[in-house]
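First the structure, in the form of structure tokens, and then the observations on it.
The values are calculated or read from the model by the stated rules, or taken from the named source; none is laboratory data. What you see is a predicted model, and the numbers here were worked out from it, not measured in a lab. Cβ placement follows ideal geometry from the backbone for every residue including glycine, while neighbour counts extend to all protein chains displayed. Remember, those area values only see protein heavy atoms, side chains included, never the ligands or the DNA or RNA. Shrake-Rupley method; radii C 1.70, N 1.55, O 1.52, S 1.80 Å.
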Amino acid sequence: MRIFLIVLCCFFWYTLSAIHYGDVVFSELMVDPEPSVGLPEVEYLEICNRSDLEISLVGWKLLYGDKSYGLPPCKLSSGEYLVLCSKTSANSFPAGVPVIGISPFPSLLKTGKLMALTSSTNELVSILDYSDRWYGSGFKANGGWSLECIDLTNFSGHGSNWAASTDPSGGTPGLENSVFAVNPSFDIPSCTRLFVPSPDVLEIHFSSFMQLNSLYDKLNYVISPENTIILSATVPFPDSRILKLQLSDALVSESIYQLKISGLYNLSGRILKDTTLSFGLPEKPLPRSLVLNEILFDPLPGGSDYVEFVNVGTKCVDLSDVWLTNRSDDGDLNEGRRLSEKPLPCLPGSYWLLSESPDSVCSVGRFPLMPNRLEIKSFPSMSYDMGNVSLVTTSAEVLDEMNYTYKMHFPLISNPEGVALEKIRPDAVSSLRSNWISANSGAHFGTPGFKNSQFQEIQRTGKNGFYVNQTWITPNNDGLNDRVQVQYELPESCVGSLTVFDLQGRLVRKLANNELLGVQGDYWWDGTYDDGKLAPFGRYILFAEAFTPKGEVFRSRLVLTILF
């Protein structure tokens, strides 16, 4: 009976003394104390005991980046704040400020460093990845002001729960924060990226820190085809925003897989919605497997340039082997921006948005879901009047490129600011200017990351020669009948020309001049002259001819009409 009581008491003692995530939290950061506003010029971290019990910090560690710092043995009462700083700076604070010196103490960076607290049993207690953007004030971010947590019960770890101190001294070390307020987290976690670092490993990234016990449960993941199973689930502790899944088999080229994820929670207790991620084995891109499909080079004030491409091939392309760049005036490729630092699969048929600020680009349109998007820092310069856009491989092989000019916009658009250029057909050669047109107004003048508003299919007839499926157009850029599609089907490659005349025989537009034509293809006329001006309403004659190497000739005269 005595042994039973001892065991029972030990059980209750362990239950009451066990440390849970969020019992102690980071509550304030002073990462740039100079110039001083009123506080000592000392870097410090502040922690707070949120639990109802006194907590011993014996064996606790502060993790900062990839280094670990042991906390001196002490006790932290319920509701108590404690300032952590270097041992040599501990005496710099006024009397009454609870402070403890650590030797050594990390040198705090202004932004972008992961920090965490772990208990004596190496349990994760608190984690934070702070940013200088959280200040919300460029003046205060310049130094002398601390970052304070708004709501200590909010475990989201997001900048929306942090703000620059409003205390006249620049911070509140050891005291309740000046920005204290009720600020609950309504954040719903999501999967932000799936990488394939090796053929038998998947790396999943999440929008927020996740609960470790749910990540480690292999039953929360199902892969199809079902012959591939999950052998293990690991996390690069303490960063629970990253999950690595070890697969039983290597991925197979040109096969598409699905990963179903369920039962995962973030540290705020919010559940990740059941999610299915499609992926494949990322492989080196082939020429023209990725093609440019939409660009915005003259955004609205406050907006961002963007480039869209689509995978028109049959394989998953590794975007870590792809760079976005442009050409200098002498034709040389400028310094590029790599699309991904890790092997990132781009599925066949998928559209991708590239921008320095994808979120601001997507906020302009009304999209049913967020597109595939990549944030490209130091986005290549895009002039508002003319320029070049190129997709190249690591070995400088050009995958696709185009030269653009504002004259490619629809002529009735007096101000093309905020209007994207879209391809009519993604698989057409990007250098073909007639295959580019202004996005229509019904799509908010752009469809970044989605099928273009001006997209049109080619309908084949099986007949040799040139033909149109509709002979009239209403060129007002409303997305309906704005252009005429001149299609051709030939027995073999030919040299051909397509020219538009008015009824008096005067030249209006030369669509092609002795160009090499494939066995099938198309050209577009948008009702404009060669100089970009819109032709008046009325009838026009399209004269098309092609010559085969054997001397066979194909000629067509088609009557086209512009209606208003």
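For the range 102-154, a residue qualifies if it is out of contact with any His (no Cβ under 9 Å at 6 or more places or on another chain), aliphatic (A, V, I, L, M) and part of a strand (DSSP E or B), and the qualifying residues are ILE102, LEU114, MET115, ALA116, LEU117, LEU124, ILE127, LEU128, LEU147. Residue count for the range 260-317, restricted to those that are over 30 Å from LEU128 (Cβ atoms) and free of Cβ contacts under 8 Å to residues at least 24 places away in the same chain: 2. If you filter the range 155-174 down to residues that are in a loop (DSSP other than H, G, I, E, B), touching a strand residue (DSSP E or B) at 6+ places or on another chain (Cβ under 7 Å) and of a type outside the set (Val, Ile, Thr), you find that the one that is surrounded by the fewest Cβ atoms within 10 Å (Cβ to Cβ) is GLY174. Scanning the range 42-74 for residues that are open to solvent by less than 50 Å² (accessible area, probe 1.4 Å) and of a type in the set (A, V, I, L, M) yields VAL42, LEU45, ILE47, ILE55, LEU57, LEU62, LEU63, LEU71. Scanning the range 524-539 for residues that are open to solvent by 10 Å² or more (accessible area, probe 1.4 Å) and in contact (Cβ under 8 Å) with a residue 40 or more places away in the chain returns ASP526, GLY532, LYS533, LEU534. All of (1) touching a Leu at 6+ places or on another chain (Cβ under 6 Å); (2) closer than 16 Å to ARG50 by Cα hold for LEU147 with one exception: (2). Across the range 277-284, a minimum of one residue is classified as of a type in the set (D, E, K, R) and either open to solvent by less than 10 Å² (accessible area, probe 1.4 Å) or touching a Lys or Arg at 6+ places or on another chain (Cβ under 8 Å) (or both). The set of residues from the range 194-206 being open to solvent by 40 Å² or more (accessible area, probe 1.4 Å) and touching an Asp or Glu at 6+ places or on another chain (Cβ under 8 Å) comprises PRO197, ASP200. Of SER253, SER240, all but one fail to be of a type in the set (Gly, Ala, Ser), more than 30 Å from TYR384 (Cβ to Cβ), in contact with a strand residue (DSSP E or B) (Cβ under 7 Å, 6 or more places away or on another chain) and open to solvent by less than 10 Å² (accessible area, probe 1.4 Å); the exception is SER240.
Beta carbons closer than 6 Å, at least 6 apart along the sequence or on distinct chains, pair a first residue in the range 351-364 that is more than 16 Å from SER378 (Cα to Cα) and in contact (Cβ under 8 Å) with a residue 60 or more places away in the chain with a second that is in a strand (DSSP E or B) and aliphatic (A, V, I, L, M) for TYR351/VAL310.
Among the candidates ALA90, ALA116, the residue that is in contact (Cβ under 8 Å) with a residue 40 or more places away in the chain and among the small types (Gly, Ala, Ser) is uniquely ALA116. Taking the range 482-548 and the strands (runs of 3 or more DSSP E) fully enclosed by it, the elements with 2 or more residues that are of a type in the set (Lys, Arg) are at 507-517. If the condition is being of a type outside the set (S, T, N, Q) and assigned to a strand (DSSP E or B), then the range 549-563 contributes VAL553, PHE554, ARG555, ARG557, LEU558, VAL559, LEU560, ILE562. Provide a single number: the residues in the range 547-561 that are touching a residue at least 60 places away in the same chain (Cβ under 8 Å), more than 18 Å from ILE424 (Cβ to Cβ) and open to solvent by less than 70 Å² (accessible area, probe 1.4 Å). Residues meeting the conditions: 4. Examine the range 175-187 for a residue that is over 30 Å from VAL42 (Cβ atoms), of a type in the set (D, E, K, R), at pLDDT 95 or above and open to solvent by 30 Å² or more (accessible area, probe 1.4 Å), and state whether such a residue exists. No: the range 175-187 contains no residue that is over 30 Å from VAL42 (Cβ atoms), of a type in the set (D, E, K, R), at pLDDT 95 or above and open to solvent by 30 Å² or more (accessible area, probe 1.4 Å). Among the residues of the range 208-220, write down those that are open to solvent by less than 80 Å² (accessible area, probe 1.4 Å), more than 24 Å from the chain's Cα centre (by Cα) and of a type in the set (Ser, Thr, Tyr). Hit for the range 208-220 is SER214, nothing else.
Any idea which residue in the range 367-410 is modelled with the lowest pLDDT, counting only those that are more than 15 Å from VAL291 (Cβ to Cβ), of a type in the set (A, V, I, L, M, F, W, C) and open to solvent by less than 90 Å² (accessible area, probe 1.4 Å)? Among those that are more than 15 Å from VAL291 (Cβ to Cβ), of a type in the set (A, V, I, L, M, F, W, C) and open to solvent by less than 90 Å² (accessible area, probe 1.4 Å), it is PHE367.
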